[in-house]
1. If I go through segment 60-77 residue by residue, how many of them are open to solvent by less than 20 Å² (accessible area, probe 1.4 Å) and not in a strand (DSSP E or B)?
2. State yes or no: is L104 assigned to a strand (DSSP E or B), of a type outside the set (D, E), under 26 Å from W244 (Cα atoms) and open to solvent by 30 Å² or more (accessible area, probe 1.4 Å)?
3. Can we say Y190 is under 16 Å from R22 (Cα atoms), open to solvent by 20 Å² or more (accessible area, probe 1.4 Å) and touching a strand residue (DSSP E or B) at 6+ places or on another chain (Cβ under 9 Å)?
4. Does at least one position in segment 81-97 carry a residue that is aliphatic (A, V, I, L, M), touching a Ser or Thr at 6+ places or on another chain (Cβ under 6 Å) and surrounded by 16 or more Cβ atoms within 10 Å (Cβ to Cβ)?
5. How many residues does segment 87-98 hold that are more than 22 Å from S39 (Cα to Cα) and either free of Cβ contacts under 8 Å to residues at least 12 places away in the same chain or touching a Leu at 6+ places or on another chain (Cβ under 9 Å) (or both)?
6. Has segment 77-86 got any residue that is free of Cβ contacts under 8 Å to residues at least 12 places away in the same chain and over 21 Å from the mean Cα position of the chain (by Cα)?
7. Looking at (1) within 25 Å of E232 (Cα to Cα); (2) surrounded by 11 or more Cβ atoms within 10 Å (Cβ to Cβ), find the lone condition where M160 falls short.
Amino acid sequence: MNTFTKEFQVRSYEVDPTGRMRAQTLLNYLQDTAGDHASALGLSVTSLFRLGLTWVLSRYHVSIVDYPPVGEKVQVETWPSGRHGRFALRDFQVTDSKGQMVALATSSWMVVSLKTGRTVRLEEAIPGYPVLERRAVDDEFLSLPRLERAAKEVPFRVRMADLDINRHVNNVIYVAWALESVPEDIILHYRPSRLEVAFRSSATYGDRILSRVGATETEEGPEFIHQLTLAEDGRELTRLCTQWRQFA
């Protein structure tokens, strides 16, 4: 039970205009598999609700090796990979039907009190939480850089369809908003090869969001620093760093 594997088939509504899996689709697969494993361990969101608690995603670091085409089957393996203070770490390995690597990822989660909104010590909330000390991506989750000056801003308004079971914007939606602000010539010819995300605050129905972006060109390909803020008061919701490369 320390590891859990789930298979997905890339559907026509989960691909980009080239017929390849979207980055957001991959993140949905990771989220779905993590949720099923938590349920198998008796630690699902609904189980924690009964204790007045819930899971909140804090960080993601995803390295994408390939984007499978529509119809391809992929397997997502996940496991709790450690603890870091008040954070529970969970890692992932994604392969295609031929066993070829699709993606590697690590994530950091908090247990939060529904009453106070504050984090709860893992030892108190979920004693005996199983851990397999194997990391898919080595990351100590240091602070991501803050975007000081944006080259572009794209506005969004939170829809009811953007909300998750906690009634906050689902984590994948934030990433989709961030990617939407990348220049069109990059989106048309590149795909993300690395996503680093720090979720800092939550948005809810009706909020107006600004997706802000600035470029930091590197030898490895286009790279961007992103920031999502509330339009009303500038409160920072999410920081991201993305790296892009051309895929075959």
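1. Of segment 60-77, the ones open to solvent by less than 20 Å² (accessible area, probe 1.4 Å) are 60, 62, 64, 67-68, 74, 76.
Add one more test, that the residue is not in a strand (DSSP E or B), and what stays is 67-68.
Total meeting the criteria: 2.
2. Numbers: assigned to a strand (DSSP E or B): yes; of a type outside the set (D, E): yes; under 26 Å from W244 (Cα atoms): yes; open to solvent by 30 Å² or more (accessible area, probe 1.4 Å): yes.
The answer is yes for L104.
3. Details: under 16 Å from R22 (Cα atoms): yes; open to solvent by 20 Å² or more (accessible area, probe 1.4 Å): yes; touching a strand residue (DSSP E or B) at 6+ places or on another chain (Cβ under 9 Å): yes.
Criteria met by Y190.
4. Our first condition is that a residue be aliphatic (A, V, I, L, M); within segment 81-97, this holds for 88-89, 94.
From what is left, the residues that are touching a Ser or Thr at 6+ places or on another chain (Cβ under 6 Å) are 89.
Retained after the next criterion (residues that are surrounded by 16 or more Cβ atoms within 10 Å (Cβ to Cβ)): 89.
The answer is yes; a qualifying residue exists.
5. Our first condition is that a residue be more than 22 Å from S39 (Cα to Cα); within segment 87-98, this holds for 95-98.
Filter once more, so that each one left must be either free of Cβ contacts under 8 Å to residues at least 12 places away in the same chain or touching a Leu at 6+ places or on another chain (Cβ under 9 Å) (or both): 98.
Residues that pass the stated criteria total 1.
6. Our first condition is that a residue be free of Cβ contacts under 8 Å to residues at least 12 places away in the same chain; within segment 77-86, this holds for 85.
Cutting the leftovers down to over 21 Å from the mean Cα position of the chain (by Cα) gives us none.
No; the residues of segment 77-86 include none that is free of Cβ contacts under 8 Å to residues at least 12 places away in the same chain and over 21 Å from the mean Cα position of the chain (by Cα).
7. Every condition holds for M160 apart from (2).
Matching residues to (1) open to solvent by less than 40 Å² (accessible area, probe 1.4 Å); (2) at pLDDT below 95; (3) in contact with a Leu (Cβ under 7 Å, 6 or more places away or on another chain):
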position: S58; (1), (2), (3): yes, no, no
position: Q100; (1), (2), (3): no, no, no
position: S108; (1), (2), (3): yes, no, yes
position: L122; (1), (2), (3): yes, yes, no
position: I126; (1), (2), (3): yes, yes, yes
position: V154; (1), (2), (3): yes, no, no
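The values are calculated or read from the model by the stated rules, or taken from the named source; none is laboratory data. The structure displayed is predicted, hence computed values, not measured ones. With ideal geometry, Cβ positions are generated from the backbone for all residues, glycine too; neighbour counts draw on all protein chains shown. These area figures cover heavy atoms from the full protein model, side chains too; ligands, DNA and RNA do not enter into them. Shrake-Rupley method; radii C 1.70, N 1.55, O 1.52, S 1.80 Å.
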